[in-house]
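Data block below; observations after.
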Amino acid sequence: MRIVSYAILSDYYMFSGLEGDSRYNREIESGIKQFDSHLDEITASSAPTSKLDGVAKVVKSWQEYKKLLEVNRADFLTQGYANARLVDELSKNAVTLNEELQNLYDNLKQSSDFPISSQTELTRQMGIIIQTLTAEYAARSTSSLGQVMVIKINEGGMEKQAAQFDKLLAQLKTNTDKDKSIYRSLDQVEVKWEFINKSIFNYNENAVPFVISTYGDRIAQNLVSIGDHYNRSMQAKK
């Protein structure tokens, strides 16, 4: 859900920066449906998560996030531009929503009888980093509004987060198993990352937002696949 929420933010900046591009409008809609589906799963009365502290905060923040998305998209489509203050609120709300989701995730891990694979944890951390990098890159390279300067989704700056991704990727490669499909997926992550990381480090020069957005999404998908593999393997052993 954290990855999806930041992917939506990235798609919004692509949508507005590319003058209402219908592709990214569809991506936003798809992301909203994905998040709503996951939210239904964790709030269902039969779900163990429904009773956890923090669920109500997540629901409230998500409703506010969706409302800001709709207002900003509508403003752009009707006026040709969005209100800078409301776009700023959207990015700040994304940070708040993700903090609350992280707290809920931590609470769930503490209450669960099933441990999470260390490799899965690595892929999840990397997935968040790649999506926050993609979102901020899209904001900085496509928007003419000053609000992009107050985005705080990448703690320590994009350069520090990109260096952290490099570090986690090296850890994941060191600890990977011998499954051929996982080797393939991990190789795809590494190749795509090598293709875009220089652009991320030099986001003020020769901006290529479409490339970063596309490859960032694919890297995130690969990481989810790898993480799911390791989690299934651990549950099977248990």
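The values are calculated or read from the model by the stated rules, or taken from the named source; none is laboratory data. Predicted, not measured: the structure shown is a model, and the values here were computed from it. Positions of Cβ are backbone-derived with ideal geometry, glycine not excepted, and every protein chain shown enters the neighbour counts. Side chains are part of the model used for accessible areas, which takes the heavy atoms of the whole protein and leaves out ligands, DNA and RNA. Shrake-Rupley method; radii C 1.70, N 1.55, O 1.52, S 1.80 Å.
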Among Lys33, Lys66, which is open to solvent by 70 Å² or more (accessible area, probe 1.4 Å), of a type in the set (Lys, Arg) and part of a helix (DSSP H, G or I)? Lys33
The one condition in (1) of a type in the set (Lys, Arg); (2) at pLDDT below 90; (3) within 15 Å of Leu223 (Cα to Cα) that Arg124 fails to fulfil: (2)
Only listed residue being out of contact with any helix residue (DSSP H, G or I) (no Cβ under 8 Å at 6 or more places or on another chain) and modelled with pLDDT under 75, chosen from Lys198, Lys178, Lys160, Lys167: Lys178
Subset of segment 152-206 that is more than 25 Å from Val87 (Cβ to Cβ), surrounded by 13 or more Cβ atoms within 10 Å (Cβ to Cβ) and β-branched (Val, Ile, Thr) - its residue that is nearest to the chain's Cα centre (by Cα): Val189
All positions within segment 52-63 that are at pLDDT 90 or above and open to solvent by 50 Å² or more (accessible area, probe 1.4 Å): Ala56, Lys57, Lys60, Gln63
Residue selected from segment 127-144 under the condition at pLDDT below 90 and among the hydroxyl-bearing types (Ser, Thr, Tyr), by the criterion farthest from Arg2 (Cα to Cα): Ser144
Could you tell me which of the residues Asn103, Asn98, Asn107, Asn83 is surrounded by 13 or more Cβ atoms within 10 Å (Cβ to Cβ), of a type outside the set (Ser, Thr, Tyr), farther than 21 Å from Arg26 by Cα and without any contact (Cβ under 8 Å) to a residue 40 or more places away in the chain? Asn83
What residue, among those in segment 207-238 that are of a type outside the set (D, E, K, R), surrounded by fewer than 14 Cβ atoms within 10 Å (Cβ to Cβ) and without any contact (Cβ under 8 Å) to a residue 40 or more places away in the chain, is farthest from Leu168 (Cα to Cα)? Ala236
Considering each of Thr49, Thr78 in turn, give the residue that is exposed (fewer than 14 other Cβ atoms within 10 Å of the Cβ), on the phi < 0 side of the Ramachandran plot, part of a helix (DSSP H, G or I) and among the β-branched types (Val, Ile, Thr). Thr78
